[in-house]
1. Regarding region 975-993, can at least one residue be identified that is out of contact with any Gly (no Cβ under 9 Å at 6 or more places or on another chain), buried (at least 24 other Cβ atoms within 10 Å of the Cβ) and modelled with pLDDT under 95?
2. Of the residues in region 39-56, how many are at pLDDT below 75 and at negative phi?
3. Can you say whether ALA370 is more than 26 Å from CYS125 (Cα to Cα) and assigned to a loop (DSSP other than H, G, I, E, B), as far as the supplied structure shows?
4. Step by step: first the residues of region 288-309, then only those that are assigned to a helix (DSSP H, G or I) and either at pLDDT 90 or above or of a type in the set (D, E, K, R) (or both), then the one that is farthest from MET1 (Cα to Cα). Which residue is that?
5. Considering only region 513-526, I want to know if a residue exists there that is among the β-branched types (Val, Ile, Thr), assigned to a helix (DSSP H, G or I) and touching a residue at least 60 places away in the same chain (Cβ under 8 Å).
6. Go through TYR22, TYR45 for me and flag whichever is touching a residue at least 60 places away in the same chain (Cβ under 8 Å) and more than 19 Å from LEU99 (Cα to Cα).
7. Got at least one residue in region 345-365 being closer than 15 Å to ASN463 by Cα and of a type in the set (Ser, Thr, Tyr)?
Amino acid sequence: MSDHLIASNGLIHPKLVGEMRYLDSRDDEQARGITMKSSSISLLYVPGAAYRPEGPRSCSEEEKAAKGYLMNLIDSPGHVDFCSEVSTAARLSDGALVLVDAVEGVCIQTHAVLRQAWEEKVQLCLVVNKIDRLILELQLQPHEAYDRIKGIITQVNMIVSAFESESFMSEADAVLAHENIKANADAGTQQGEVDLEDKEDHFQPQLGNVAFASAHDGWAFRITQLAKQYADKLGCNAAGLEQALWGDFAFQAKTKRIIKIKPDQTHKHKPLFVQLALEPLWKLYEVCNPGTDVKAILSKAVKSLGLTQAVLSMAVEHLPDPASAAPGRLARLLPPQQLHLKGVQLPKDLQQALDSAEHGVESCNTSPEAPCVVYVSKMVAVPAAALPRQEGRPPPQDPSQEVFLAFGRVFSGVLKDGQSVHVLSAAYNPAQPHLQRQIHQVDGLYLMMGRGLDRLQQVPAGNVIAIGGLGTAILKSATITSSPACRPLAPMLFQAAPIVRVAVEAALPSELPRLVEGLRLLNRADPFLEVTLQDKGEYILGAAGEVHLETVIKDLKERFARIQLQVSPPLVAFRESVFLQSESPEAIVKPPKVIEATTANGVCTMRIKAVALPGPVATALDENADLIRMTLSATNSSPNQERTDASTTPLSEPSADASVNGDAEVIDPDQQTYSINEGRSPVQDAESSFETDADAVHLSAGDEVLSVQLPASDTSSSAQLPASKESSSAAAEVSPAAAENSSSSQDHSYSVAEAVSNADEKLASQGGSGDSSHGVQHPAEAVSGKNGANGRAVGTSDNGDATSSMEEGGSLTSGKIGILKQRLIAAAKEAKAGSPELLKRIWSLGPKRTGPNFLLSSETTSASLFSGPDAAVVRLSAKQEKKSASHPAQADLGGPGGPQVEDPALRPSELAEADAHSELSARAGTSQVTLRLGRSEASATLGLAPQSDTTRPDSMGPGWDRIKHSVESGIMHGYQLATAAGPLCDEPMWGIAFEVEARLNVPEGEDNPGNVNLAEEVYGPFSGQVTSTARQAFRRAVLEGGPRLVEAMFLCQVSTASEALSGVYAVLGRRRARVVREEMREGSDLFSIHAYLPAQASFGFANDMRRQSSGAASASLMLSHWERLQIDPFFMPVTEEEREEFGEEGQGVGTANLARTMIDEVRRRKGLPTDKKVVEVSTKQRTRARKV
């Protein structure tokens, strides 16, 4: 298709069309016959010029300027492994041509492409391609081909309608749902008819936004073209004929009238489309003898059906120009300001500058005076010899050296060569111009022409461009502006996850520096690649699929590192969960036990219980992590939150906005898109872009800062890492009024010029590398209001504008949050077993505060974990209890069996404090006070609980509140650490709800909390003691709750001939696939099979399928969901019946426990201990003799 469009501009010879594959410049693209990297080229289209002998070259310059259209064509891959390239192309485009194979129909890749285009607010046109295969391969009759084409268009319309109504939030669920709807519609059921007719079709051939083509043979047509050709011959109105050419309309030759075909007359009349469009094409192919040049014959017979004219004219008529598309895309490119600015009220001059930049993006302003805004979607690596040489510059010393160009689009203003620009990260805040910003100079602007580059001096808004000189400033994507008073554009969304991983290492240890440098370059060149560094020094590459993985390994070997590599077998990501009875009703599992753990100083005793969440609930949370993160961020920054939260929060919450190069976690390409590596060695820069697998901390860029990011609810000084207790106590006791006065005094002195000047001086002093702290403030600065507007407490009463802006911005996401809420409630009700009640008690999600796990608050529960029987309690670590008992302060504390006071949380809030203190003073020895932990913050944010549930309970007193807050923050951090690395194999947890309660063991009659011996000089800060104890308790609760391994599942779509059906099912059976649907395609002997395939068993699946079916079957995979593996990894048969049924290993006779085998493999890879026997039979152990 792209070769035909390029040939219309005379760039390639017409005889090379289809063979040259001009935009596939890689050798492996040519060898495989698929597109792997998106490529761009600019084309000129002059209406009617395609019918001239020399094409657009025959047009004069005046005619080109008056009638011509400049089109930036980006050819993106269709393979699902390279969906990230589709994302980068969609961000830079205003319209898209979606190609669908007439034989294969709507595949998994089609769903992914349509979803990405819909997310980016890109207008669509449909091209039904390869219609010649219906004639030559399937040998369908014209009316059968019409039914098939009509079904394809209907199915594509259903997909787009589902996106618009958000009916299906899971891509894999949408694929299966559309198959079911199509089957119901074919069967004539009422459900199918309702689903098909309720929505207005997006693609309608009678409107001209659908083209029917055969790119192989070089022809295409639209309904509007046929209507103009046949209107004069039939004596009909062209507009009326356009409406009748598609649908159940027939032409009566005698009366020369167009009539509606009734359902009982379909056998008497032919649809107009069959009669006027398909039958003439079928006759043309019938007259061509086998072996003749069909393309040459058709090019002479159907000159009016030129592919270039049909496709490009459709693009001109139905796809918007940059100025028309900009207003509709603004909401996606630039979300509401207050969502990004965290509710901070900006000074007037800065606000005006921001509005000017956003107005330029909204109007696609091409004026040189307009603020220049450019978005870079990816970095492109090209050989240095491919760059156009400039006069006076020497040639490159190494022509094969890779040079990085920034592939982007100008959204506002004019970008000029040599211009000084500001490179903004996704976390950049205009109120803090000294953070997340770099200043660089543009060194070359290039017009990308497929395999060539043309140098330009300036580029106006609306054009796609390649920018030189930014190779060290941008890691994957960025926003480039001419002024720091501009917000960065929203990050891109990817429709897949890096599931397939391998470990790579240099074959020779001396080549390790070259490997590190190669990984750094590779990570920059691929927009979706995940590169991580584990604790033991192992480098892990994560890709979307096998083909993508093979591509990046080849690039690493041949282009970037240029060394021999040792590549491990493919690795798969897992999750850890607990057993859910409803998913396996026949299984008999003991009820989960309660874990009791005490801190090292013996002051705090906590009990934790792990409960399984239904799979649909966890899946919904997993799929909407970005939405939840944005909603929680907006809620935490709302000016309606408490004054103490706004004025004493020492550190920012962990979110995507805190990611710059090393600070970002490489696992999420949308969050980590920048590299600030000025003044650092390549090894340091590479190390800063890799994520360590440490449980508690992540090293920032160049190991400059060691930061622990705290949740937004942790506002006490005990949650910090203070230099001393005195300083932290002082920071915690600053009054809100003081913070407000301090911040307000700073606001009036803030100005854009001063802030930018100070920031530029700071950047210059650091060599243009940005602030090394990456946005982490000192606690004193956050309280006293330093750094201008950022230091102001958001909760001040004079911030009414911020409040209204927040409400306006929140309304944009309320619809999606409402859909997520309904989905969670429906899934919980279907699972029952108390799940609906758990949704109302969510204190926090995890890991990273957006994961699929719940931490439940204990203030609204009626049943206490401390009231359960001792038989259901497992006391954690007798060694730890002994250590706590050995402390001198422990002699006065009561044990678990000692006297306990009534839980004050079970009484009205106004009596809780009095009851707690009265119990403390009424008993001798020690007393235990149960704390009301947490609030339903996450539930209220998601609309699952009223906002009143998030209010703080009555204070227990200044000192007691500090201790209680230390317990809450420690439990919160321990929960986040535990859910990030589970006990089975250090994989993240999935689908678990944790109930937690805590009690303070204090001396009786002690009214002064300062007299409670926390033993911090021995065991460290009290919050740290709680954190370590809680982390161990959470992990042990999973082991006592029936641990289960969770594996990723692919949705597999297999197309196969009937004779290869047995081989296909044999392959699916060996790989533990679960078939969910099978159907025979109408009008052919092809079968379509949908199955769920475990990711662990997917390696080599395509090759195995081709080998077993002798090439008659083809498969495509798409990540679907996570699913619990219903095998107990610790099950061992005890009775003779169990051994007979399950074998000695607990999985089957002669079969090892599958879950335990996969856990051991992951543990060995991570360097964790396993209990595998080194010597199986000691009596048979022999020393191996060396036989010569």
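The values are calculated or read from the model by the stated rules, or taken from the named source; none is laboratory data. All values derive from a computational prediction rather than experimental measurement. Ideal geometry is used to build each Cβ from the backbone, glycine not excepted, and the neighbour counts take in all protein chains shown.
1. The answer is yes, given that some residue of region 975-993 is out of contact with any Gly (no Cβ under 9 Å at 6 or more places or on another chain), buried (at least 24 other Cβ atoms within 10 Å of the Cβ) and modelled with pLDDT under 95.
2. The total comes to 6.
3. yes
4. Out of the qualifying residues, it is LYS300.
5. Yes; the residues of region 513-526 include at least one that is among the β-branched types (Val, Ile, Thr), assigned to a helix (DSSP H, G or I) and touching a residue at least 60 places away in the same chain (Cβ under 8 Å).
6. TYR45
7. yes
Residues are listed down the side, and each one gets a yes or a no for (1) touching a residue at least 24 places away in the same chain (Cβ under 8 Å); (2) of a type in the set (D, E, K, R); (3) under 29 Å from ALA1048 (Cα atoms):
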site: ASN463; (1), (2), (3): yes, no, no
site: GLY469; (1), (2), (3): yes, no, no
site: LEU489; (1), (2), (3): yes, no, no
site: LEU493; (1), (2), (3): yes, no, yes
site: VAL502; (1), (2), (3): yes, no, yes
site: PRO509; (1), (2), (3): no, no, no
